[in-house]
Amino acid sequence: TDPLELQAVYDIMRATGNEWAESIPDVCRSRWHGIECLPDDDGGGALHVVSLSFGALSDDTAFPTCGSMNPVISEAVTKLPRLRSLFFYRCLDGNPQEIPRFLGELGSGLRNLVLRGNGHVGGIPEELGNLTGLEVLDLHGNDLSGAVPASLGRIRGLRSLDLSWNRLSGSVPSVDFPVIRVLDLNGNRFAGALPIRMLSSGDALLKVDLSGNEFSGGIHGLSALKNLILLDLSYNELVGALPESLSGLASLQALILAGNPMAGAALPETAFVGLSSLLVLVLSDMSLEGPIPRSIGELKTLRVLRLDGNRLNGSIPESFSALSRLSELRLDSCRLTGPIPFTGEMISRMGRKLRLENNLGLCYGGGGIEDDLMIADGIPRCDTLNGRPDVEIERLS
């Protein structure tokens, strides 16, 4: 190991309560979990530290833990000029501290910075924008507050940004990341409009999770995300109508919009046409009105469908009977009436994940359906309603 880097590693280990490392004469050749080294580019004999990891992810992945009473990230990390990855997981939560500004001195060589679940407080340092070579920035599960610095927009090669489960607030800065694949901001206090510039800066996005914030305004500007697999905008303050078409999201497998107060909005018949890969559609508790689009029944790959807690009326479309892969369906607490178009096999398959209670007048009729779960839970036969479409349906669970 390079002598200067060896001393830096000793300092870093000591600051995290791992004094035992000082008894190791060559940390690179000892091959302990949590340190990776590579030789000189010129083929010389010296080894250089390229990765440091702390925190036990699992019993099988035992990186050094932070054992002292007051563990800290030592400034000695700046003396590792070849460092490509720095990882701290639940290692500093016993001694909450701000993210050190000196991490910005690691420069363009650092590729991965993961400070996850460490209880970090304060804001995100502007100096992190100096890490222009970063591909992964993960600050999940801390206690960070304040706004996201616009300086992060200098990190043009960022592929994954995870700021979830903090107390960050304000508007998301108008920056773009041309090659970003994962954007996770869930569980914060972000407000204002959706960060459209960030979302539309490139077509590489695979996952967008902005749930559990205070974003407001409408849903728009998403049509170019042709590779997107997961879109979760649930439990914000989004209002207005749903887009007439989301067909540009051809790769989408999960669409979760629950808990946005779109009072009076209807589900456009064409909104979900073309989403041929969709597995999960969750539109619960949105105060949606009007009928259920027949086109939802044409989403043949659908496995989870939740439309509960809305003001949807009319009947369940006959096309739903063709949803042969459906394993969970929630239509409870709506205003639906008429016959239930499911076979006995579908009802048996979904079991207690089929929820139809608290509607105005659903009923069943024939086809062997009465031999399944429904009859035991008080769902009446259609031929016994005697023209009373407002029969209150008791809980089916």
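Any residue at all in segment 138-149 that's part of a strand (DSSP E or B) and farther than 17 Å from Gly104 by Cα?
There is at least one residue in segment 138-149 that is part of a strand (DSSP E or B) and farther than 17 Å from Gly104 by Cα.
Go through Ser201, Ser216, Ser169 for me and flag whichever is surrounded by 15 or more Cβ atoms within 10 Å (Cβ to Cβ), among the small types (Gly, Ala, Ser) and under 27 Å from Arg90 (Cα atoms).
Ser169
Keeping to segment 306-363, report how many residues are assigned to a loop (DSSP other than H, G, I, E, B) and basic (Lys, Arg).
So the first thing to find is which residues in segment 306-363 are assigned to a loop (DSSP other than H, G, I, E, B), and the list is 307-310, 315-317, 323-327, 331-334, 340-343, 356-360.
Checking the rest, the ones that are also basic (Lys, Arg) come to 325.
The number of residues fulfilling the criteria is 1.
Among Arg154, Arg167, which is over 20 Å from Gly212 (Cβ atoms), assigned by TED's automatic domain parsing to the domain that holds Asn186 and among the basic types (Lys, Arg)?
Unique residue meeting the criteria: Arg154.
Would you check if Asp41 is under 26 Å from Ile155 (Cα atoms), at pLDDT below 80 and assigned to a loop (DSSP other than H, G, I, E, B)?
yes
Is there a residue being touching a strand residue (DSSP E or B) at 6+ places or on another chain (Cβ under 6 Å) and modelled with pLDDT of 90 or more anywhere in segment 59-81?
Scanning segment 59-81 turns up at least one residue that is touching a strand residue (DSSP E or B) at 6+ places or on another chain (Cβ under 6 Å) and modelled with pLDDT of 90 or more.
Would you pick out the residues in segment 69-114 that are in a loop (DSSP other than H, G, I, E, B), under 27 Å from Asp184 (Cα atoms) and not charged (D, E, K, R)? So that I can check it myself, show each step before the final result.
Residues of segment 69-114 that are in a loop (DSSP other than H, G, I, E, B), as a first pass: 69-74, 80-84, 90-97, 99-100, 110-111.
Checking the rest, the ones that are also under 27 Å from Asp184 (Cα atoms) come to 72-73, 83-84, 90-97, 99-100, 110-111.
Within segment 69-114, Val72, Ile73, Leu83, Cys91, Leu92, Gly94, Asn95, Pro96, Gln97, Ile99, Pro100, Leu110 meet the criteria.
State which residue is farthest from Leu185 (Cα to Cα) when the search covers only segment 216-263 and only residues that are modelled with pLDDT of 95 or more and of a type in the set (Ser, Thr, Tyr).
Ser251
Could you say whether any residue in segment 280-300 is of a type in the set (A, V, I, L, M, F, W, C), under 23 Å from Gly202 (Cα atoms), surrounded by 18 or more Cβ atoms within 10 Å (Cβ to Cβ) and touching a Phe, Trp or Tyr at 6+ places or on another chain (Cβ under 9 Å)?
Scanning segment 280-300, I find no residue that is of a type in the set (A, V, I, L, M, F, W, C), under 23 Å from Gly202 (Cα atoms), surrounded by 18 or more Cβ atoms within 10 Å (Cβ to Cβ) and touching a Phe, Trp or Tyr at 6+ places or on another chain (Cβ under 9 Å), so the answer is no.
Checking Phe177 against (1) in a strand (DSSP E or B); (2) over 24 Å from Glu244 (Cβ atoms), only one condition comes out false. Which one?
Phe177 satisfies every listed condition except (1).
I'd like to know if segment 188-198 contains one or more residues that are of a type outside the set (Asp, Glu), assigned to a helix (DSSP H, G or I) and either modelled with pLDDT of 95 or more or farther than 23 Å from Arg116 by Cβ (or both). Give the derivation first.
Applying the first criterion (of a type outside the set (Asp, Glu)) to segment 188-198 yields 188-198.
Now restrict to residues that are assigned to a helix (DSSP H, G or I): 196-198.
The next check asks that each one be either modelled with pLDDT of 95 or more or farther than 23 Å from Arg116 by Cβ (or both); those that pass are 196-197.
Yes, segment 188-198 has at least one match.
Only one of Ala250, Ala241 is in contact with a Lys or Arg (Cβ under 6 Å, 6 or more places away or on another chain), not β-branched (Val, Ile, Thr) and not in a strand (DSSP E or B); which? Steps first, answer last, please.
Numbers: Ala241 fails: in contact with a Lys or Arg (Cβ under 6 Å, 6 or more places away or on another chain).
So the residue among Ala250, Ala241 that is in contact with a Lys or Arg (Cβ under 6 Å, 6 or more places away or on another chain), not β-branched (Val, Ile, Thr) and not in a strand (DSSP E or B) is Ala250.
Please state which one of Leu281, Leu255 is assigned to a strand (DSSP E or B), in contact with a Lys or Arg (Cβ under 9 Å, 6 or more places away or on another chain) and touching a residue at least 24 places away in the same chain (Cβ under 8 Å).
One residue alone meets the criteria, Leu281.
I'd like to check something: does segment 319-338 contain any residue that is at pLDDT 90 or above, within 28 Å of Val273 (Cα to Cα), touching a Pro at 6+ places or on another chain (Cβ under 7 Å) and buried (at least 18 other Cβ atoms within 10 Å of the Cβ)?
The answer is yes, given that some residue of segment 319-338 is at pLDDT 90 or above, within 28 Å of Val273 (Cα to Cα), touching a Pro at 6+ places or on another chain (Cβ under 7 Å) and buried (at least 18 other Cβ atoms within 10 Å of the Cβ).
The values are calculated or read from the model by the stated rules, or taken from the named source; none is laboratory data. Predicted, not measured: the structure shown is a model, and the values here were computed from it. Here Cβ is always computed from backbone atoms with ideal geometry, including for glycine, and neighbour counts include all displayed protein chains.
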